[in-house]
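**Student:** Following this message is one structure expressed as structure tokens.
The values are calculated or read from the model by the stated rules, or taken from the named source; none is laboratory data. Because the structure is a prediction, the values reported are computed rather than measured. No Cβ is skipped: glycine too gets one built from the backbone with ideal geometry, and neighbour counts run over all protein chains shown. These area figures cover heavy atoms from the full protein model, side chains too; ligands, DNA and RNA do not enter into them. Shrake-Rupley method; radii C 1.70, N 1.55, O 1.52, S 1.80 Å.
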Amino acid sequence: MEAQNNGPSERASNGVIDGPTNPMVTPLLNDLYQFTMAYAYWKAGKHQERAVFDLYFRKNPFGGEYTVFSGLEECIRFIANFKLAEDEIDFIRQSLSTSCEEEFFDYLRGLDCSDVEVYAIPEGSVVFPKIPLLRVEGPIAAVQLLETPFVNLINFASLVSTNAARHRKVAGKSKTLLEFGLRRAQGPDGGVGASKYCYLGGFDATSNVAAGKLFGIPLRGTHSHAFVSSYMSLDEITDKSLRRKDGSSTCEDFVSLVQTWLSKIQLLNGVFGETNQSELAAFTSYALAFPDNFLALVDTYDVMRSGIPNFCAVALALGDLGYKAAGIRLDSGDLAYLSCQARKFFCSIENEFRVPGFGKLIITASNDLNEETLDALNKQGHEVDAFGIGTYLVTCYAQAALGVVFKLVEINNQPRIKLSEDVSKVSIPCKKRSYRLFGREGYPLVDIMTGENEPSPKVGERILCRHPFQESKRAYVVPQRVEELLKCYWPGKSGKTRETLPPLKEMRERCINQLEQMRPDHMRKLNPTPYKVSVSAKLYDFIHFLWLNEAPVGELQ
């Protein structure tokens, strides 16, 4: 099944943006303290003051040095449809203190995001710590109510996309990656979201039918061990006929044709004895149902003594009628060894019976695979063409969360800073612009933040890039290409042109292309080189001026 451009975005007729994919994403998908702060702002008469917040993360996940940004589309769909229903306002009234004035709920009744602006890095981009993924501007009470939903929508999405991209990097471009995680995901919303963002991160297909319908992701799936073990014998197959692929005639007893081929295989070098006949019945029955896409799970009883010869007998019988079998799936055992043995046997069948292409049948492997397993298989040597990955992928087993934060950086045109004894938690103040600077070889060299009113970096002009907090870390860069990162996805009342939301397939292509653009040492699994994130010299000076100005001065007694 090919990818479709389902799902996202905007109705072409009038530009209206659909609501969030998950109907649970409403203004009440929030922390209580957002509403208590909104009331306190309103009570103090501050609720309309113009604020700027940055959404970013502090550290790349999974011990790596890159992250894939995902979740933006759902944020825009949320903000475009932000409106509190009357029953939601009633619930907020019940949840807040009885001292809250009724006029506040009138304010909530009329609240929307028409005066909010959202600037963001395009979804599917490779991103790095400290660089704002989103800059959100607007009345402070309204923007405060966006914090928790935005962090929720971006945190898992970016984490699972990055996890998928890391699995793709280890598996290699030539392998097919299948997301099989729905049954192990954290609930239905976690399962559907994981399917979407694994596809964005470079996976090829999913087993999740709901995600296939919602987002146009290609679907894959055949049968389980239950199907194989549900058969007892070939006598259970009542309709044994199968029409040739070209429709020219009908084989009235496909079962006998399969048995004939199995006898020939068993004579091949005298290797195989009797195979499991219930498994043969299941394979034959499945082939009768899906002759164009016969892929069998071969490890229910014994892979090499039963599963492989039974599969080959059915596949060869299909070949006699003009069909081409797809291949096998291995779900247990030594995947490297079994895949190599299966490939050898397929090649011997091709040579012995002169069946072109039989040696290249697809071998799919599953069974609790993860990044480390793929790496180990590559080092051992294997013949797997496709990997079905579930639990470790969709649950992001290696890391629970990305750690996205949402920090106030400016209010009423006054820059604000959040200080901490942990320097990594110090925020970078003021409204900023972000750029990616590329070197002569085409690789990104550094991301740099500047004050909003600073001149943009220019191609061929030397610019001093400084670490935000470490004085000695600095370097001059002469960029060969400059890319501004933040684009306007929700203009509010600014009158700026709004970027359209691309289909998922385009986000996936952006992700794959950007990962290929990165320097290999940033992408390697073991001890990757940290990518440089910097600020301009002017912004560096301002950060430290504000830091000294805001930090209390101690007194020694």
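**Student:** May I ask you to derive the FRET efficiency for Val423 and Asp334 from their Cβ-Cβ distance with R0 = 51 Å, giving the value to the nearest 0.05?
**Tutor:** Numbers: r = 48 Å, r/R0 = 0.94.
That gives a FRET efficiency of 0.60.
**Student:** Do the alpha carbons of any pairs in Lys59/Lys169; Lys496/Lys525; Lys169/Lys213; Lys240/Lys264; Lys169/Lys532; Lys175/Lys505 sit beyond 30 Å of each other, and which pairs?
**Tutor:** Violating the 30 Å limit, Cα to Cα: Lys496/Lys525.
**Student:** Then there is this: Against the longest alpha carbon principal axis of the chain, how many degrees, from 0 to 90 and to the nearest 10, is the axis of helix 32-43 turned?
**Tutor:** Once rounded, one gets 30 degrees.
**Student:** Among the chymotrypsin sites (Phe, Trp or Tyr not before Pro) in the stretch 358-422, which ones are in a DSSP loop with at most 16 other Cβ atoms within 10 Å of the Cβ? Mind listing them?
**Tutor:** Those that pass, being in a loop and sparsely packed, are Tyr397.
**Student:** Heavy atoms of the protein only, probe of 1.4 Å, neighbouring chains included. What is the accessible area of Leu84 in Å², nearest 10?
**Tutor:** Roughly 10 Å² of Leu84 is accessible to a 1.4 Å probe.
**Student:** Using a probe radius of 1.4 Å on heavy atoms only, what accessible surface per residue do you get for the chain? Whole Å² is fine.
**Tutor:** Per-residue value: 45 Å².
**Student:** Could you compute the FRET efficiency for Ser249 and Asn378, with r as their C-beta to C-beta distance and R0 at 41 Å, rounded to 0.05?
**Tutor:** Given R0 = 41 Å and the Cβ-Cβ separation, E is 0.35.
**Student:** Between Lys458 and Lys43, what is 0.36 nm times their sequence separation minus the Cα-Cα distance? Round to one decimal in nm.
**Tutor:** Result for the pair: 144.7 nm of gain on full extension.
**Student:** May I ask for the angle, rounded to the nearest 10°, between helix 371-380 and the longest principal axis of the chain, with both axes built from Cα atoms and the value confined to 0 to 90°?
**Tutor:** So the helix axis and the longest Cα principal axis differ by about 50 degrees.
**Student:** If each residue of separation counts as 0.36 nm, what is the full-extension length gain between Ala398 and Asp235 once their alpha-carbon separation is subtracted? Write out the running numbers ahead of the final one.
**Tutor:** Working: separation 163, 0.36 × 163 = 58.68 nm, distance 4.79 nm.
Extending this stretch completely gives an extra 53.9 nm.
**Student:** Run through the stretch 223-289 and list the GluC sites (Glu not before Pro) located in a DSSP loop whose Cβ has at most 13 other Cβ atoms within 10 Å.
**Tutor:** Passing both the DSSP loop test and the Cβ count: Glu252, Glu274.
**Student:** Follow-up question, since we're still on this one. What's the lysine pair count for the stretch 365-448 at a Cα cut-off below 16 Å, pairs eight or more apart or interchain?
**Tutor:** 6
**Student:** Computed from the coordinates I sent, Rg/Rh (Cα atoms, Kirkwood Rh) equals one of (1) 1.69; (2) 0.94; (3) 1.08. Tell me the label.
**Tutor:** Evaluating Rg/Rh (Cα atoms, Kirkwood Rh) on these atoms matches (3).
**Student:** Order Asp447, Asp189 by their accessible area, 1.4 angstrom probe, all chains in place, largest first.
**Tutor:** The ranking, largest first, comes out as Asp189, Asp447.
**Student:** Could you compute the FRET efficiency for Asp18 and Thr497, with r as their C-beta to C-beta distance and R0 at 25 Å, rounded to 0.05?
**Tutor:** So the FRET efficiency works out to roughly 0.75.
**Student:** Working out 0.36 nm times the residue gap between Arg440 and Gln480, then minus their Cα-Cα distance, what length gain in nm do you get to one decimal?
**Tutor:** 13.8 nm
**Student:** To check you understand DSSP bridge types, tell me what percent of the beta bridges within the chain (both residues inside) are antiparallel, rounded to 5.
**Tutor:** Antiparallel: roughly 70 percent of the beta bridges in the chain.
**Student:** Tell me the carbon and sulfur percent of the accessible area for the stretch 264-352, rounded to whole percent, probe radius 1.4 Å.
**Tutor:** Within the stretch 264-352, the accessible surface is 49 percent carbon and sulfur.
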